[in-house]
Amino acid sequence: MTDDGKMFGDYGTSDEMVEHICEQLAREFTGTFTPETVKRFVSESFDSLANAKVKAFVPLLIHRFAKERLRAAGQAEGVIGKEVPEVLFVCVHNAGRSQMAAALLNRAAQGRLHVRSAGSAPADQIHPGVREAMAEIGVDISEEFPKPLTDEVVRAADVVITMGCGDACPVYPGKRYLDWELDDPTNKPINEVRPIRDELDRRVRALLDDLVTATP
């Protein structure tokens, strides 16, 4: 089997893979987005994840990422309703702080919020120390991957929390913006990642209490 064959699983070429994902998502979003719009999102998602070091999961990850972007676009345009508040965590690489925060809030919220994360300049993989620190507390992020920050996920969010990404995140009226100053776990030993994880856990629980209390 060629390297491409390994990368795309049962698909002979990247075009075949993209076409199959487009067909799946076009059916799922029938009546909301045209097939042409779906294809644009899938193609963009494929290009943006081309450098991710998760080759075995490429079709699944592209499907997940494109689907999440389409959902966010639909919410931002008002054609897909929001069942719960939307929270977006943003850092530079989406390989450490924002990934931990999203996973911790997802665990604590238990479906009461919908959580996304993204990076202004995403890395090619999540930091190993971050995976290890999260696994220690029973949170598996082994199938997560750094995702680029896109306009629709910001527009869909009710709360945007930035962590060290400066002015990269666009600002829209009617949203709540928070900036959390925390150390970057990049290349830190596990004993220095744990305090960052634990502080994030404290903050996301406080945020959850605030949002759940404020939600009618």
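Side notes on the structure shown:
- Inter-label distance, Asp209 to Val84: 1.9 nm, where each label sits 7 Å from its Cα along the C-beta direction.
- Pair Ile190, Glu77: separation of 7 Å Cα→Cβ label points (nm): 4.6 nm
- Between Phe89 and Arg116, Ser117, Ala118, Ile161, the built amide H atoms are under 5 Å apart, and every one of these is 5 or more places off in sequence or on another chain.
- Between the amide H of Tyr177 and those of Val160, distances stay under 5 Å, these residues lying 5 or more places away or on another chain, with hydrogens modeled in the peptide plane.
- Dividing the summed helix terms, -39500 (n - 2.57) for each DSSP H run of n ≥ 4, by the number of residues in the chain produces a 222 nm estimate of -16000 deg cm²/dmol to the nearest 500.
- Separation of the Lys175 and Thr37 label points, Cα + 7 Å toward Cβ, nm: 1.9 nm
- Full extension of the chain between Asp151 and Glu23 yields a length gain of 43.7 nm, computed as 0.36 nm times the residue separation minus the alpha carbon distance.
- Length-normalised contact order for the chain - Cα pairs under 8 Å, 6+ apart - percent: 20 percent
- Applied to the stretch 29-40, the Karplus parametrisation 6.51 cos²θ - 1.76 cosθ + 1.60 on θ = phi - 60° returns per-residue 3J(HN,Hα) values of 9, 4, x, 10, 10, 6, x, 5, 5, 4, 4, 5 Hz, with x for Gly and Pro.
Every number in this text was worked out from the coordinates using simple rules, so none of it is lab data. Keep in mind that what you see is a predicted model, and the values were worked out from it rather than measured. Virtual Cβ from ideal backbone geometry, glycine too; neighbours counted across all protein chains shown.
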